[in-house]
Amino acid sequence: MAVSAAPTLELERSLLEALPAGARIAGMDEVGRGALAGPVAVGVAVVSASTPGAPSAVRDSKLLRPAVRQELVPQIRSWAVGSAVGMASPSEIDALGIVGALRLAGRRALEDLDPTAQPDLVLLDGSHDWLSPPSDLLALAADSDAAPAWDGPVRTQVKGDMTCASIAGASVLAKVERDALMQALDAEHPAYGWARNKGYGAAAHRAALLERGVTEHHRRSWKLGLPS
């Protein structure tokens, strides 16, 4: 497998030039969106104009071996101006839908940042802004108030986890924290293989669902492949 190019702070620095002196940008990425069980996690890594280049091994978390991701966590936390991970539970995913749950997890991550590291702009991986408050009235009425809303600017960046160091760092933090949680939940429910599949729809996980049914950690509103 070819080694991917390291993400940089090129976009972050370009965006910071248009912001007031001392501004900060938060790279944000999610993990666990497509899983059948477990929470969705959102990581955030904050950078400023004085932040140096990221640790050399930083890449999109999906491209890294687990041991490398684990080693990177303290390096990323030391490198970033601030960092945090927020989560939304399976029951919150069922109640809010995946977009609403992502919004809640992102808000929780921002809320967990030190006040001195609060960003002026959020840089989201992908093409869809799931962090800003919803614009339609029905979605707004259902929006969770379990964490303060983010009403600042949001910039989306397709493949940002591959090119933007702040987003890549955030993805590593979210992946490591969520994987550790799924490892712990595997000890409670070993039949589902969560230590290996992390709650995604692997064959062994789906077979265990058919044999044993759902747990409190499954997303019950999702199509889990169970008989109706």
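No lab work stands behind these numbers, since they all come straight from the coordinates. Keep in mind that what you see is a predicted model, and the values were worked out from it rather than measured. Note: ideal-geometry Cβ built from the backbone for every residue, glycine included; neighbour counts use all protein chains shown.
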Amide H contacts under 5 Å for R155, placed H, 5+ residues apart: V122, L123, L124
Counting DSSP beta bridges with both ends in region 9-212, the antiparallel % (nearest 5): 65 percent
Separation of the A23 and E71 label points, Cα + 7 Å toward Cβ, nm: 3.6 nm
Segment S221-A57, length gained on full extension (0.36 nm per residue, minus Cα span): 55.3 nm
DSSP-loop chymotrypsin sites (Phe, Trp or Tyr not before Pro) across region 56-163, with at most 11 other Cβ within 10 angstrom: none
Interatomic Cα distance distribution for the chain, bins of 5 angstrom, percent: 1, 7, 15, 18, 18, 15, 12, 8, 4, 1, 0, 0
At R0 = 22 Å, FRET efficiency that the Cβ-Cβ distance of A95 and D145 yields, to 0.05: 0.95
Separation of the A195 and S78 label points, Cα + 7 Å toward Cβ, nm: 3.0 nm
Trypsin sites (Lys or Arg not before Pro) restricted to region 1-46 and DSSP loop, no more than 16 other C-beta within 10 Å: R33
FRET E, pair R212, T156, Förster distance 41 Å, beta-carbon r, rounded to 0.05: 0.55
